1. Could you calculate the contour length gain from Ile153 to Phe15, that is, 0.36 nm times the residue separation minus the distance between their Cα atoms, to one decimal place in nm?
2. Using the count of nearby Cβ atoms within 10 Å as a rough guide to exposure, how do Val163, Val35 rank from fewest to most?
3. For the residue pair Val118 and Ser234, what label-to-label distance in nm results when each label sits 7 Å from Cα along the Cα-to-beta-carbon direction?
4. List the residues of segment 218-239 whose backbone N lies under 17 Å from a point placed 7 Å from the Cα of Ile246 along the Cα-to-Cβ direction.
5. Using the number of other C-beta atoms within 10 angstrom as an exposure proxy, rank Trp19, Trp248 with the fewest first.
6. Using mean Cβ contacts within 10 Å as the protection proxy, how do 147-156, 118-127 order, highest first?
7. Work out from phi, with θ = phi - 60° and the Karplus expression 6.51 cos²θ - 1.76 cosθ + 1.60, the ³J(HN,Hα) of each residue of segment 110-127, listed in order in whole Hz, and give x for Gly and Pro.
8. Neighbour counts of other C-beta atoms within 10 Å: give me Lys16, Lys6 arranged from fewest to most.
Amino acid sequence: MKNLLKAELYRAKFFKSIWIGLIVVFFLTLINALVARSLSEAASGSGSELMFELMGLAYSGKSVIIGNVGATDTTFLLAIIISLIVGGSFQNGATRNAAICGNRRINVFFTYFIEAMVLTVIYILANYIFSGLFSIMIGYGTEFTANEFGTLIGRMALQFLSVLAYSSVFVMISMLIRKSGGSIGLSIGFYIVESLVISAVVLAASVAGKTGLKEVSNAFLSTCLSSTVASTLSTETILICTFVPIAWILISSLISVLTFEKRDL
């Protein structure tokens, strides 16, 4: 498996889509920072104390950093790239060749899984680095306390976990569809439809006044991802946003392994 993983990671360096995606993240982060700066200047110019609040903080470099993952649609980009790599590997015969060469199928799966996780880490870190650099243009308010820094790191960790879970689902979809085009369509569809379903559930719960229905949304990744930019986070929400992504990773990985083991290549 070690040699297979090294070969796959080496091959990934030549995927243009990976580098194009990082360039897209860079420019979207720049645009997000420029918009934030304009809002900040407009707020100060109008005498308003608060133009926008995120994470319980006035709109500043701190809130831009934590909100940039959503603003740059990093998860959306990962859906495309992971589908191109994993789905494309099935389509061009690379997966079949890896299995024929004596590699166990479960090792082939973990190779794709680890590759997707590595890509996710790279994209999220790039996101935070770019937003951290550009957030200097906006400033960090009157102060940047140790408590705020701890809050920032904690929410970044929860975001990391949610996006990793999304990537695991994208791997599963790619291994089920086995074609890059179809995998891209279904992965993007899952990402968009899941958010729409959650919005509908929350709206229906609010109208009906049923808290039990609203709690159903806690089982979805989009809820966890959006919760990281809420003004306050309860202990219950933190636990939900920790264990729900882990559950999605385990379930999607199990489905990937079981179906990959049983289906012909």
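Values in this text are rule-based calculations from the coordinates and carry no lab data. Keep in mind that this is a model prediction, so the values were computed, not measured. Counting neighbours? That spans all protein chains shown, and the Cβs are built from the backbone with ideal geometry, glycine included.
1. Working: separation 138, 0.36 × 138 = 49.68 nm, distance 3.10 nm.
The span from Ile153 to Phe15 would gain 46.6 nm if fully extended.
2. Numbers: Val163 23, Val35 12.
Fewest-to-most Cβ neighbours within 10 Å comes out as Val35, Val163.
3. It works out to 4.1 nm between the two label points.
4. Under cut-off, by backbone N: 219-221, 224-225, 235-239.
5. Values: Trp19 11, Trp248 22.
So the ranking, lowest neighbour count to highest, is Trp19, Trp248.
6. On the way: 147-156: 14.3, 118-127: 18.5.
Packing order, densest peptide first, comes out as 118-127, 147-156.
7. 5, 5, 5, 4, 5, 4, 5, 5, 4, 4, 5, 4, 4, 5, 5, 4, 4, 4
8. Working: Lys16 8, Lys6 11.
The fewest-first ordering by Cβ neighbours comes to Lys16, Lys6.
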